[in-house]
Every structure is written in C-alpha cells, then in structure tokens.
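Input: a single structure, listed below in structure tokens.
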Amino acid sequence: MGELGQLLREAREKKGLSVTEVEEATKIRGALIEALEQDSYEALPAGIFRKGLLRNYAQYLGLDLKEVMTLYGDEEEDESQASVVAGGFQPTRGMTISSWLFIDVFLGILIVASIVVVGTLAYNRWFPTFPLTSATPTRHASLTSPVLQLTPTNTPSPTLTPTEIPSGRLQVDVEIIARTWLEVVVDGEQAFRGLIEAGTNWSWFAQDSIAMHIGNAGGVLVTLNGQQMGTLGEQDEVVDIVWTWESLNATPEPAPSGTPAPAPPSVTPVITATMVLTPSPGS
C-alpha cells in the first residue's frame, strides 16, 4: 500500500465510515474505493477519470486536495518508470491496453470506410451503370387511334350511299326546312319515326305505297318520282298522306265509239294521292 492509499484509508477510518457507507454517500463503487486505498491504479479508469474519482473521494474525506494530487503525481511518475520492461513496451498509466485497442479498432474502421468510399466513387466513374435491355422487342402503343364516328341512335338516316342503286317504283324525297315530327311507312312496314331538325334531306323507295304522318306540313318540301310537290300544308299543320303505285298509274276507261278522243293535255298531269288533313292541336 502506498502513501496516498494509506492516507485515504486512515481518513475514512477516523470518520468511522465503512466502504459501503462511503459508496452510498459518494455514489463511487466500493471496488473503486478499495482500489484507491490500495493504490491499485490498474483497476481504475485511466487519465482524467481516475483523477476525478480521487478528487471526489478526497474532498468527501476532508483532505487537502493539493497534498493529495501531489502524492498522486509521485505515484504516477513511479509507475511510468516501471512501464518499460524486458521484452517490449508496456502501456503507461495514462494509456492502458484497452485504450490502445480502442484506437486500433477506430483506425481500422476508418481505413475500411475510406477504402469503400474511394472504391465506390472510382467504380461509378469508370464503370457507369447502364440500364438493362430486354432481348425481346418492346411493343409500343400507337400514338394514333382510330376516330370513332358517332351517328344518332334514335334517328337512323335512310339516305342511301352513292354506291347503292335504289329500287322501287315509288320514290319520295323530302327536304326538311323546319323542325317537324315525321313517321314513314314503306310497303306496310315502318321505315322511320322521330323528330327531324331542319337542314337535312331524306329519301324513301317503295314498290306499292309510301305513307307519311307529318307533324309540321309547312316544314317539309316533298318531291314524288321527280315531280316537286312543295309543302303539303301550312306551318304546324298535321297531315297524313298516302302515295300508291295504282293511283299514279290508273288507266282511263275507253271512250264510246264515235266520240273523238280528247286532245292530249298541254301540261304535265299532277300526280294525285290520298291526303288527310288533321287540324293542329292549337287550332
């Protein structure tokens, strides 16, 4: 036991304190207190941590800090002189084996990290990463899409395309000049039924008959087998009309013998048809 350790122990015993009581009061572990009193510095932390423990313990015991630190400096000098032994270098009081190991480990980690960083930068510079390409060609969607042509679903157009040849002995062409309701029956079957806006043209063909129900007779211009008939009534007048092949080609009865045949007409005969006029709801 050195002089400093003996001084610490005697001061504690004079106060009648046990190691356990000092531990509870100073929060210094009992093993460290015993190491200080026995001058077993190898069991204590190195450097400023050891000096801090020594100052706290001496101050708790009421000792002169200057005298304590002077004795500690002499002990440290004696220990440093014994650090060089045969066979190599031994760590001094301020630098223990654990401290050297810590420094070696830290330097090793730093060197490895530096190598990794430098290697990564060099690889990215000299071997740039290229995107992987597939061996099979990639199909790309066409930038153009077919244009959809929408036609009204409730108003089918009966107008024939130029490539089609109309068939039928009766042909009715209408030009819509004002909005109207129109219903058309061709050879007994309904061909159209709906509301038509102005500015459109329509045509129907039949073998025997064409019947129409017109909601606005003044808004429809009619042409029958190439003969213009104009409008079939007044504005907002409702008209039902039927054209038949028989009425258009009726054969006149033969005149009695001896009666001179009538002179041929000087004008084109007017095509007749059966037409029923229905008053409009407002009349």
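The values are calculated or read from the model by the stated rules, or taken from the named source; none is laboratory data. If you're wondering where the values come from, they're calculated on a predicted model, not measured in any experiment. Counting neighbours? That spans all protein chains shown, and the Cβs are built from the backbone with ideal geometry, glycine included.
Here are a few things to note about the model shown:
- Taking (1) at pLDDT 65 or above; (2) surrounded by 11 or more Cβ atoms within 10 Å (Cβ to Cβ); (3) assigned to a loop (DSSP other than H, G, I, E, B) in turn, residue 16 satisfies each apart from (2).
- Residue in segment 40-50 that is closer than 28 Å to residue 102 by Cβ, among the charged types (D, E, K, R) and in contact with a Phe, Trp or Tyr (Cβ under 7 Å, 6 or more places away or on another chain) present: yes
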